[in-house]
1. Just checking, which of L15, L59 is modelled with pLDDT of 95 or more, surrounded by 12 or more Cβ atoms within 10 Å (Cβ to Cβ) and not hydroxyl-bearing (S, T, Y)?
2. Can you name the residue in region 36-54 that is assigned to a helix (DSSP H, G or I) and under 10 Å from the mean Cα position of the chain (by Cα) and, of all such residues, is surrounded by the most Cβ atoms within 10 Å (Cβ to Cβ)?
3. Take the conditions in contact with a strand residue (DSSP E or B) (Cβ under 9 Å, 6 or more places away or on another chain) and open to solvent by less than 50 Å² (accessible area, probe 1.4 Å) and apply them to T20. Does it pass?
4. Here is a check on your reading of the model: is T8 at pLDDT below 95, of a type in the set (V, I, T) and open to solvent by 90 Å² or more (accessible area, probe 1.4 Å)?
5. Can you name the number of the only condition in (1) surrounded by 12 or more Cβ atoms within 10 Å (Cβ to Cβ); (2) small (G, A, S); (3) modelled with pLDDT of 95 or more that A27 fails?
6. Could you grab the pairs with beta carbons closer than 8 Å, sequence gap of 6+ or different chains, first residue in region 39-50 and within 14 Å of L24 (Cβ to Cβ), second one assigned to a strand (DSSP E or B) and open to solvent by 60 Å² or more (accessible area, probe 1.4 Å)?
Amino acid sequence: MNQVRQDTAIDKRYLTKKETCQYLHIANNTLDKWVEQGLPKITIQGVVRFDRQAIDEWLHCYTR
């Protein structure tokens, strides 16, 4: 069960690009396009991360 949680990043708030793609079930290119369209990203110590809560809020507003 723990491996599944790690693989799907269920417990993490800040996701890597790969984890974000897995979380959203999208390809890397789609993620890049969504970022261009306003999907929020943050930089933590020089590394790009995606806030899972901000993603959920953005999707809620974007898909209305």
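The values are calculated or read from the model by the stated rules, or taken from the named source; none is laboratory data. Because the structure is a prediction, the values reported are computed rather than measured. Ideal geometry is used to build each Cβ from the backbone, glycine not excepted, and the neighbour counts take in all protein chains shown. Accessible surface is based on the protein model in full, side chains and every heavy atom, while ligands, DNA and RNA are left aside. Shrake-Rupley method; radii C 1.70, N 1.55, O 1.52, S 1.80 Å.
1. After ruling out the rest, the residue left standing is L15.
2. To start, the set of residues in region 36-54 that are assigned to a helix (DSSP H, G or I) comprises 36, 52-54.
Cutting the leftovers down to under 10 Å from the mean Cα position of the chain (by Cα) gives us 52-54.
Working: R52: 19, Q53: 10, A54: 15.
Across region 36-54, the extreme among qualifying residues is R52.
3. On the way: in contact with a strand residue (DSSP E or B) (Cβ under 9 Å, 6 or more places away or on another chain): yes; open to solvent by less than 50 Å² (accessible area, probe 1.4 Å): yes.
Yes.
4. Details: at pLDDT below 95: yes; of a type in the set (V, I, T): yes; open to solvent by 90 Å² or more (accessible area, probe 1.4 Å): no.
The answer is no for T8.
5. Among (1) surrounded by 12 or more Cβ atoms within 10 Å (Cβ to Cβ); (2) small (G, A, S); (3) modelled with pLDDT of 95 or more, the lone unmet condition for A27 is (1).
6. Once the first residue is within 14 Å of L24 (Cβ to Cβ) and sits in region 39-50, its partners that are assigned to a strand (DSSP E or B) and open to solvent by 60 Å² or more (accessible area, probe 1.4 Å) give K41/V48; K41/R49; F50/Y14; F50/I42.
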